[in-house]
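Visitor: Quick one: structure below, then a few questions.
The values are calculated or read from the model by the stated rules, or taken from the named source; none is laboratory data. Just so it is clear, the model here is predicted, and its values are computed rather than measured. When we count neighbours, we look across all protein chains shown, and the Cβ atoms used for this are built from the backbone with ideal geometry, even at glycine.
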Amino acid sequence: MSAIVSPSRQGSRSVWFWPVTIAVTLGVSIVVLRQVWNAPATASDGPGKDLGVYRDQLNEIERDLARGTLSSTEAENLRVEISRRILAGHGNVAVAADTSQHSFLAVGLAVVFLFTGLATYLLLGASGLPDQPLQKRLAEESARVADRVGQKEAEAMISQGGPELDPEELALIDRLENLLKDRPDDVRGYRLLAGNLANLRLFSRAARAQAHLVDLLGEMATADDIFALAEYRILAVKGYVSPEAERALRRTLTLAPSDPRARYYSGLLAYQSGRADIAYDLWNRLLAEGPSNAPWIAAIRSQIAEVAIAAGRNVPTGPSGADIAASEAMSDDERAAMIEGMVEGLALRLADEGGTLDEWERLIRAYGVLGRTADASRAWQDARQIFTDDEVALNRLQQAARDAEVAQ
């Protein structure tokens with residue numbers, strides 16, 4: 001039997017919710033108000049009746065004194081005792097009045113809290129929503145992760161147009177690929193092929209070549225070899241972590257549990273699977289570990305705010321004082337390496353997820369400043385394909401390419 005609540009059952013719950021809520025609210029209110037209204041009446045009746053008795057007793061003393069049945073000393077002692085009781089009775093009246101005032105205050109606060117809670121529920125609540133126990137939600141998330149789209153299906157769903165490439169480069173790659181068909185056991189050749197395909201951002205083909213290489217190496221495959229396979233698969237589908245990529249990440253972490261690159265992608269997988277809390281914890285630890293110029297740090301910083309909000313955590317405000325101090329203490333070469341890392345992080349994110357026109361302009365100009373004209377030209381070509389129907393965007397990209405000295 002399905003555990004999913006049908007619409008009719010949800011409707012039934014919604015129909016019964018408000019009558020039950022109103023009945024309980026009225027019942028509690030009546031009980032509390034009865035206690036309040038009864039308390040003052042009891043407090044006022046008791047002391048008034050006692051005063052009448054004391055008055056009769058004083059009159060009786062005066063009569064006995066007049067008849068001579070009481071001496072003046074005895075009469076005075078009795079008057080003092082009755083006066084003491086009268087004063088004690090007045091004290092009880094004051095206490096009762098004070099208690100009554102506190103009761104009214106307590107009831108007032110209770111009524112305020114009651115209706116404040118009701119108003120809050122009307123704004124934020126959902127009476128028709130079925131129960132969502134934690135274990136059930138975790139089981140549903142696990143099922144979604146297990147049933148998610150595989151690598152081949154994901155690649156088929158994504159346009160594989162790819163960047164514009166130099167025909168000579170493509171010819172060399174095709175020649176190497178054809179050569180290796182007759183040399184299926186050539187480890188060095190497949191390593192070279194996979195790396196060059198990745199450099200040309202032909203990640204789907206790079207992943208196939210790397211998978212063949214990992215199979216050839218068997219137990220000799222290193223954590224770097226297996227991580228490269230995972231990353232090529234992820235980049236081939238614009239940042240989606242498929243089950244095949246996940247298996248490669250797990251193998252990487254088995255060989256190198258502290259590998260920050262695999263941990264970064266594991267956080268990305270957690271976020272895609274609805275576990276922003278796990279992603280936030282993983283990425284926050286990586287931010288704390290650094291180094292600040294690592295490419296995964298730039299990628300995390302560009303996404304951590306969104307993940308923090310989804311996880312219900314505090315949004316990081318930016319680099320820490322230690323990060324700033326460390327950058328100030330860097331040599332020129334170290335600072336250049338940090339900038340390279342930030343640029344690579346931006347390039348990786350744009351390749352994975354796409355981005356805004358401003359980000360593409362920034363990437364093109366950054367490559368120009370770094371003297372990486374080939375990368376600037378490739379980024380310009382990729383951006384033109386994305387904004388092909390936007391004349392204004394194309395003009396801005398053209399200007400960015402001129403600034404990077406890759407366009408006339």
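Visitor: Could you say whether any residue in the stretch 173-194 is within 30 Å of A279 (Cα to Cα), touching a helix residue (DSSP H, G or I) at 6+ places or on another chain (Cβ under 6 Å) and of a type in the set (A, V, I, L, M, F, W, C)?
Guide: Looking for residues that are within 30 Å of A279 (Cα to Cα), touching a helix residue (DSSP H, G or I) at 6+ places or on another chain (Cβ under 6 Å) and of a type in the set (A, V, I, L, M, F, W, C), one finds at least one in the stretch 173-194, hence yes.
Visitor: Could you give me the residue pairs with C-beta distances under 6 Å whose first residue belongs to the stretch 385-406 and is closer than 17 Å to R372 by Cβ, whose second residue is acidic (D, E) wherever it lies, and which are 6+ apart or on separate chains?
Guide: Every condition considered, the pairs that remain are A400/E361.
Visitor: Something else now. Counting only residues that are in contact (Cβ under 8 Å) with a residue 40 or more places away in the chain and part of a loop (DSSP other than H, G, I, E, B), how many does the stretch 209-247 have?
Guide: Of the residues in the stretch 209-247, 5 are in contact (Cβ under 8 Å) with a residue 40 or more places away in the chain and part of a loop (DSSP other than H, G, I, E, B).
Visitor: Between a residue in the stretch 270-288 that is touching a residue at least 40 places away in the same chain (Cβ under 8 Å) and under 17 Å from D259 (Cβ atoms) and any residue that is assigned to a helix (DSSP H, G or I) and of a type in the set (A, V, I, L, M), which pairs come within a Cβ distance under 9 Å, given they are 6 or more apart or on different chains?
Guide: Taking only residues 6 or more apart or on different chains, not a single pair turns up.
Visitor: Return the total of residues in the stretch 383-408 being surrounded by 20 or more Cβ atoms within 10 Å (Cβ to Cβ) and assigned to a helix (DSSP H, G or I).
Guide: Summing the residues that are surrounded by 20 or more Cβ atoms within 10 Å (Cβ to Cβ) and assigned to a helix (DSSP H, G or I) in the stretch 383-408 gives 4.
Visitor: From the list I386, I339, I304, which residue is closer than 30 Å to A279 by Cβ, outside the structural domain of S273 (by TED's automatic domain parsing) and at pLDDT 85 or above?
Guide: On inspection, the qualifying residue turns out to be I386.
Visitor: For the stretch 262-277, which positions are farther than 15 Å from E353 by Cβ and either over 22 Å from the mean Cα position of the chain (by Cα) or at pLDDT below 95 (or both)?
Guide: Hits for the stretch 262-277 are A270, S273, G274, R275, A276, D277.
Visitor: While we're here: Report yes if G355 is within 31 Å of the chain's Cα centre (by Cα) and in a loop (DSSP other than H, G, I, E, B), otherwise no.
Guide: yes
Visitor: Residues G371, G321, G354, G345: which one is surrounded by fewer than 17 Cβ atoms within 10 Å (Cβ to Cβ), modelled with pLDDT under 85 and either among the acidic types (D, E) or within 19 Å of A299 (Cα to Cα) (or both)?
Guide: Among G371, G321, G354, G345, only G354 is surrounded by fewer than 17 Cβ atoms within 10 Å (Cβ to Cβ), modelled with pLDDT under 85 and either among the acidic types (D, E) or within 19 Å of A299 (Cα to Cα) (or both).
Visitor: Within the stretch 215-250, how many residues are polar (S, T, N, Q) and surrounded by fewer than 16 Cβ atoms within 10 Å (Cβ to Cβ)?
Guide: Of the residues in that region, 1 qualify.
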